[in-house]
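Each reported figure results from applying straightforward, stated rules to the coordinates on display, with no laboratory input. Computed from a predicted model, the values in this text were never measured in an experiment. Backbone-built Cβ (ideal geometry, glycine too); neighbour counts: all protein chains shown.
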Amino acid sequence: MLKYLPGILIIQIATLAMTLAALKSGDQEFWLAVLLLALIIGLVTAFWFASIASHVKKDALAQAKDEFSKEREKLRVDAERQKTRLIRKSHEEIRKETNRAHARSSFKLGAGFIGIIAAGSLMIFSQFLTLGLLTLAVGGGALGGYLVRVRQEAVSRHKEAFAISEGRKPAIEVQPVKGDSS
């Protein structure tokens with residue numbers, strides 16, 4: 001509001017000076033000149049006020065855009081942080097569940113392997129030497145194959161976890177298509 005005060009004061013002072021000058025003169029042509037001069041001063045002041053208002057509007061608009069862009073960037077950063085936090089949390093839950101499943105299957109595998117060793121040992125002691133050795137060899141081969149597969153899966157899970165923690169997408173795994181067995 002203080003931006004308009006100098007213009008208002010100038011108009012009032014000029015109008016007062018012209019009115020006093022016109023009152024001292026009785027000439028109608030002088031009155032016409034004073035009115036014309038007052039009109040010109042009013043128009044110039046109106047354009048001046050419009051210019052001031054335009055600059056104030058542009059400044060307010062620029063400030064609002066700046067605030068909105070800062071807020072939008074803050075929201076974008078917060079959303080990205082929440083997304084990353086959610087991905088890490090879900091990855092951790094998946095990893096824990098996978099570890100539980102592996103522990104259960106490892107227990108079952110261990111129990112099965114102990115059973116195979118017991119059966120093979122029983123056959124060796126009961127004079128079925130060839131069948132007992134064959135049973136032990138098959139059990140050892142199955143255990144070795146399972147351990148190799150577990151190691152490969154652990155390595156691939158480690159690579160995938162590292163890719164996710166780095167912010168990259170893991171490599172796409174291609175699953176074989178099951179065909180119709182007609």
Normalised contact order of the chain, rounded percent, pairs of Cα under 8 Å and 6 or more residues apart: 11
When the charge dipole of the chain is computed with +1 on Lys and Arg Cβ and -1 on Asp and Glu Cβ about the Cα centre, the Cα farthest towards its positive end, among Ala60, Ser90, Gly141, belongs to Gly141
Selection from Ser106, Leu129, Ala21 lying farthest towards where the dipole of the range 5-165 points positive, charges on Cβ: Leu129
Between the alpha carbon centres of the range 22-58 and the range 84-132 the gap in Å comes to 98
How far is helix 28-125 tilted, in degrees, relative to the longest principal axis of the Cα atoms in the chain, given as a value from 0 to 90 rounded to the nearest 10? 10
Which pairs, out of Lys3/Lys65; Lys3/Lys70; Lys24/Lys57, put more than 32 Å between their alpha-carbon atoms? Lys24/Lys57
Between (1) 100, 15, 9; (2) 51, 21, 17; (3) 24, 19, 16, which entry matches semi-axes √(5λ) of the Cα gyration tensor in Å as derived from the coordinates of this structure? (1)
Computed about the Cα centre, the charge dipole of the chain from +1 Lys/Arg and -1 Asp/Glu charges at the Cβ has a magnitude in debye, to the nearest 20, of 940
The helix 5-24 Cα axis meets the longest alpha-carbon principal axis of the chain at an angle in degrees, between 0 and 90 and rounded to 10, of 10
Under a straight-distance cross-link criterion of Cα-Cα below 16 Å, which lysines are reachable from Lys83, leaving out those fewer than 8 residues away in the same chain? Lys74, Lys169
0 to 90° range, to nearest 10: angle between helix 129-165 axis and the chain longest Cα axis: 10
Mind checking which aspartates and glutamates have their Cα closer than 15 Å to the Cα of Lys58? Skip sequence neighbours fewer than 8 apart in that chain. Asp66, Glu67
